[in-house]
Amino acid sequence: MSSSVSIGNNNGVAVVTIDNPPVNALSFHVRELLMQALVSLRDEPSVAAIAITCAGRTFVAGADITEFGKPVRQPDLRALVAMLETIAKPTVAAIHGTALGGGLELALGCHFRVADTGAKLGLPEVKLGLLPGGGGTVRLPRLVGPLKALSMIVSGTPIVAAEALADGLVDAVFDGDLIAQAVSIAADMVAKGGPFTPVRDRNDRLDQANLPAFDKQAAALSKKARGLEAPIACAQSVRNALTLPFDEALAAERDLFVKLVAGDQSRAQRHLFFAERQAAKIAGKDVVRRKIARVGVIGAGTMGGGIAMAFANGGLPVTLLETTQEALQRGLTTIDKNYAVSAMRGSLSEDAKRQRLALFKGSTDYADLTDCDLIVEAVFEEMAVKKEVFGRLDAVAKPGAILATNTSYLDVNEIAASTSRPQDLLGMHFFSPANVMKLLEIVRADKTSPDVLATIADLARRIGKVPVVVGVCHGFVGNRMLAARGSELEPLLLEGATPRQVDQAFTDFGWPMGPFQMVDLAGLDIGWRNRKARGQTADIADTLCEQGHFGQKTGSGFYRYEDSSRTPLLNPEVEALIRDKAAGNGIAPRTIGTKEIIERTLYPMINEGAKILEEGIAARASDIDVVWVNGYGFPVGKGGPMFWASLEGVDKIIRRLDHWHQQTGKDVFRVAPLLRQMAETGSWDGAAG
């Protein structure tokens, strides 16, 4: 047969091998050849059993996502699995690497499944705004039970081989020659004789007496969906497996899949899937990466400690530097407490906790950074302080060491000029908490060497971050657009909206929290300090800061917080302050609706994104989407601000921006030429400078 699907014979056991690099996706040409192979083997007298395996580093890691939303070419996965279930001879799936999505659904069509000890199995379609469309929601409950299936499918999180064995998803786990083991099991099954029951006919784990427990768990999971359709559809489809005959449940699964795949949410989530992979690609494949064996982090505060943890979580030893022993000990104690909390919650074993803590070396001496391959500065956000740090690093860092600043706003080119090695310096903008948040803005300075950029992009993935390369400007991509989003927040308050009303509009849109809740959480003093450095003011926020109200950490900000609680309560003092400021500015309060709140905050943000593309600060519109979804909580189901703009209608956005620009004359409403170009062409392509 073709090199994509080949057949071998081992003493009457046919070994069918799929070879479709890099991840053996079930593309049409693979499905077609696999169907032909299985049909021929089903009817071949010399073949007593069939083992399905894959070449390369993994079993089938999923369907071909590029085919989603296009006309279905037969055989589709459903037809392939259905045909597999007609084979009376014992069939065995030999799983190594990952069996995900369509790969696991293919394996569920076999009578038996064996796995390598390092294998992972799962149905992650929910992360693409979908549900398993090849029978996964109907077959998986028959092996692992409805509650376990519900958990796996709604979360989309794979399980390891040992767990799959305990749950009944696989029949055996081996550490060794997996194909030989699969052939041996197939031969044993032949010797024992049939009949061999397909998964579709195994109903012993579908006890409807468990329906109340199922509905309770499904309701709890649905609450976490935050407006996403796919998790709810997944839960419904698994419930159908419990309450409907197999073929009816299978048909219902297909109907739900077709509806989801055509919807905006799945389109948005598939866009993000490809966007993250595109953002991680750095020009210059042949660039030799530098070796990163030890990392130094300067500053053991909230940000520096989180950054240090991010590297330790990725298995890298870290030298953590502070100016005083007291500050260093405080930082190390916080790190220890953070890991202790993870261990207490069960997300980290005690052994793993000890291993990670052993990676930290504390110091107050810059000379202890001489063996570091990467040194990240995470000190106070002031240019003079940053320059002093890098001046000292210039004297102690070894040749070839990469120097990085964690600045959120400052000019990385100016920082690089304070060293004798600007080619080795770039920005690594982590997001707080740095050990949790996925985004890493990699700031490319004018003289940053290509190998430095490529090394840090690879390192970001190594420590579980989503890297996006951006250029130098105030605030880079994320914070620059955040400033545009926030430009109308105080005017909205002065004109009649309340902080709670604005925040409600945001959470209804799908944000995890509103802008006033967010600033209270981060601390009003951060924005205050930044405004003062730039000669800017904000009537309401500045007054709150002058009164010592910095948000949650002081018990009051735009909201009140009682007894160290994080629950925001109405703050009558703020409402009175808003009324006084409005009166002082001669503004008569009026009723402001949710639609206006969203348009006056998000439309300027999209407009700023267009300017960022024009200036070449971001290479692609999809990079901006990756930044905002992974760093700022833009709703996943809307695909990021630039993707959402195409759903919202760029013409509509331009009309509203033009209207507000005519009314106010504010530059934030001045329509970017690229936004008008997008309205004409329907594409952001070719926008970056």
Test set (1) touching a residue at least 12 places away in the same chain (Cβ under 8 Å); (2) in contact with a strand residue (DSSP E or B) (Cβ under 8 Å, 6 or more places away or on another chain) - L569 fails condition number: (1)
Among residues of the stretch 23-70, those that are more than 23 Å from I87 (Cα to Cα), among the hydroxyl-bearing types (S, T, Y) and in a helix (DSSP H, G or I), counted: 1
Selection count, the stretch 127-139, where residues are surrounded by 24 or more Cβ atoms within 10 Å (Cβ to Cβ) and within 22 Å of the chain's Cα centre (by Cα): 5
Residue match in the stretch 352-359 (condition: touching a residue at least 12 places away in the same chain (Cβ under 8 Å) and either over 25 Å from the mean Cα position of the chain (by Cα) or loosely packed, with under 14 Cβ neighbours inside 10 Å (or both)): yes
Cβ-Cβ under 9 Å pairs, at least 6 apart or on other chains, the stretch 318-333 side within 11 Å of S363 (Cβ to Cβ) and assigned by TED's automatic domain parsing to the domain that holds E377, far side part of a helix (DSSP H, G or I) and basic (K, R): E322/R330
Hits in the stretch 5-31 - residues which are more than 30 Å from the chain's Cα centre (by Cα) and either within 17 Å of I65 (Cα to Cα) or among the hydrophobic types (A, V, I, L, M, F, W, C) (or both): V5, I7, V13, A14, V15, V16, H29
Pick from the stretch 152-176, criterion among the β-branched types (V, I, T) and in a loop (DSSP other than H, G, I, E, B), ranking: surrounded by the most Cβ atoms within 10 Å (Cβ to Cβ): V170
Subset of the stretch 309-333 (residues that are hydroxyl-bearing (S, T, Y) and buried (at least 16 other Cβ atoms within 10 Å of the Cβ)): T319
Residue list for the stretch 387-435, filter: under 26 Å from the mean Cα position of the chain (by Cα), part of a loop (DSSP other than H, G, I, E, B), of a type outside the set (A, V, I, L, M) and surrounded by 16 or more Cβ atoms within 10 Å (Cβ to Cβ): N406, T407, S408, Y409, F431, N435
Output for the stretch 364-386, where each listed residue is in contact with a Ser or Thr (Cβ under 6 Å, 6 or more places away or on another chain) and surrounded by fewer than 17 Cβ atoms within 10 Å (Cβ to Cβ): D368
Near pairs, Cβ below 6 angstrom, 6+ apart or cross-chain, from the stretch 64-89 (closer than 17 Å to F246 by Cα) to any residue that is surrounded by fewer than 16 Cβ atoms within 10 Å (Cβ to Cβ): none
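Among the residues of the stretch 233-241, is any farther than 14 Å from V154 by Cα, touching a residue at least 40 places away in the same chain (Cβ under 8 Å) and not assigned by TED's automatic domain parsing to the domain that holds L453?
yes
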Scope the stretch 257-308; condition more than 30 Å from V396 (Cβ to Cβ), out of contact with any strand residue (DSSP E or B) (no Cβ under 8 Å at 6 or more places or on another chain) and among the aliphatic types (A, V, I, L, M); matching residues: V258, L260, V261, A262, A268, L272, A275, A283
Residue that is β-branched (V, I, T), surrounded by 23 or more Cβ atoms within 10 Å (Cβ to Cβ) and in the same structural domain as A149 (by TED's automatic domain parsing), where the choices are T91, T66: T91
Answer residue from the stretch 367-378, given it is within 27 Å of the chain's Cα centre (by Cα) and aliphatic (A, V, I, L, M) and is farthest from R294 (Cα to Cα) among those: A378
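The values are calculated or read from the model by the stated rules, or taken from the named source; none is laboratory data. Worth saying up front: this structure is predicted, and the values here are computed from it rather than measured. Don't worry about glycine lacking a Cβ; one is built from the backbone with ideal geometry, like all the others, and counts go over all protein chains shown.
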